[in-house]
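Below you'll find the structure, written out as structure tokens, and then a few comments.
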Amino acid sequence: MAEVRWIYDLTIFLYAASVLFYFNDFLQSNRKVNRLAFGLLIVVWALQTAFFVSQTVMKAYFPVITLFETLFFYSWVLVSLSLAIHYFFRIDLLVFFTNIIGFVVLVMSMFLPETPIVAVSSVLTSELLLTHVTLAMFSYGAFSLSMIFSAMYLLQHKMLKERRWTPLLRRLPSLDQLEGYAYRMNMLGVPMLLLSIVLGIIWGKMVLPEKFLLDSKVVLSLLVLASYSFWLYKRFRDTMQMRRMAQWNVLAFLLLLINFLGITTSTFHSWW
């Protein structure tokens, strides 16, 4: 890793600069600063991709096994999704809020040691497990965007109720658009998370003790899936106010974070 560490360090520095420029644009609505922040974000994505590819080559497996690797990959997913959303929908505030999360996740990875390559067994590099983790990270990325759309919905709803006609209000999409975007992200996230859990259970049946389904990580993952599935059910039935739907979506994401980061009680995720 030492040979490409400079890419990782440069990525964090440029990512911080991009987030700061986006924050300046958030406060002052400066288009030149916004374009500069977006340009830096593209460079960050390129550097992250280069670092990820180099790690794949060095380790001879798809690097999503250790907590360092999963945090880095999660950050890369957020950057990739925010760039795609910006290209198709031009929602600057979404890019800003998404990359606050992405930057925090990347900084968290700085404080985590990498598991030596020799310590990663062939069991942990099976295609089934790697697909399980990869799908989970992409579902987390979709849920992250969904949460941001819901948070923006709640913010706009509050500003409209209080009749606060600020420049920020004009930069937000309509309430219907925000709710629709959140719905689409959850429609992507739920099937991916479901498939990830199914693959994880199949892998667990092959290599783990019989009672692994009672593990805290498995239970929390099923609760996360149930929370988002309930959200989709209520959305289809149209039996809950949109504001409460947005609140539920934010709470479901908090449960997801607990599941993702609160893994110390798990008996078979200890390699992270």
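The values are calculated or read from the model by the stated rules, or taken from the named source; none is laboratory data. This one's a predicted model, so the numbers in the text were calculated from it and none came from an experiment. With ideal geometry, Cβ positions are generated from the backbone for all residues, glycine too; neighbour counts draw on all protein chains shown. We work out accessible area using only protein heavy atoms, side chains counted, and drop any ligands, DNA or RNA first. Shrake-Rupley method; radii C 1.70, N 1.55, O 1.52, S 1.80 Å.
Per-structure values
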{"quantity": "Candidate values (1) -0.65, -0.77, -1.21; (2) -0.76, -0.90, -1.42; (3) -0.78, -0.91, -1.27, label of the one derived for log10 I(q)/I(0) by the Debye sum over Cα atoms at q = 0.12, 0.13, 0.16 Å⁻¹", "calculated": "(3)"}
{"quantity": "Cα gyration tensor shape for segment 121-271, rounded if a/c is under 1.5, else prolate or oblate", "calculated": "prolate"}
{"quantity": "Charge tally in the Cβ shell below 15 Å around Lys161, where Lys, Arg are +1 and Asp, Glu are -1, Lys161 excluded", "calculated": "+4"}
{"quantity": "Peptide ranges 150-160, 164-174 listed from the most packed, as the mean C-beta count within 10 angstrom indicates", "calculated": "150-160, 164-174"}
{"quantity": "Relative packing of 58-65, 237-244, 129-136, which averages over residues the other C-beta atoms within 10 Å, highest first", "calculated": "129-136, 58-65, 237-244"}
{"quantity": "Given charges at Cβ of Lys, Arg, Asp, Glu: the chain dipole, positive-most of Leu94, Leu225, Leu130", "calculated": "Leu94"}
{"quantity": "Length-normalised contact order of the chain in % [C-alpha pairs under 8 Å, at least 6 apart]", "calculated": "18 percent"}
{"quantity": "Student exercise, the chain dipole from Lys, Arg, Asp, Glu Cβ charges, in Debye to nearest 20", "calculated": "1100 debye"}
{"quantity": "Relative contact order (%) - segment 121-271, alpha-carbon pairs under 8 angstrom, separation at least six", "calculated": "33 percent"}
{"quantity": "28 Å Cα-Cα reach of Lys217 towards lysines, excluding residues that sit fewer than 8 places from it in its own chain", "calculated": "Lys59, Lys205, Lys234"}
{"quantity": "Per-selection Rg to Rh, segment 1-116 - Cα, Kirkwood hydrodynamic radius", "calculated": "1.00"}
{"quantity": "Dipole in debye (nearest 20) - segment 121-271, about Cα centre, beta carbon charges: Lys, Arg +1; Asp, Glu -1", "calculated": "740 debye"}
{"quantity": "Nearest-20 debye value, segment 163-236 charge dipole, Cβ charges on Lys, Arg, Asp, Glu", "calculated": "440 debye"}
{"quantity": "Largest-first ordering by accessible area, 1.4 Å probe, given options Asp176, Asp9", "calculated": "Asp176, Asp9"}
{"quantity": "Percent accessible area from carbon and sulfur atoms, the chain, protein chains only, probe 1.4 Å", "calculated": "69 percent"}
{"quantity": "Per residue value of the accessible surface for the chain (all protein chains in place, 1.4 Å probe), Å²", "calculated": "49 Å²"}
{"quantity": "For segment 72-77, Karplus couplings with θ = phi - 60° (6.51, -1.76, 1.60), whole Hz, Gly/Pro x", "calculated": "4, 5, 4, 4, 4, 4"}
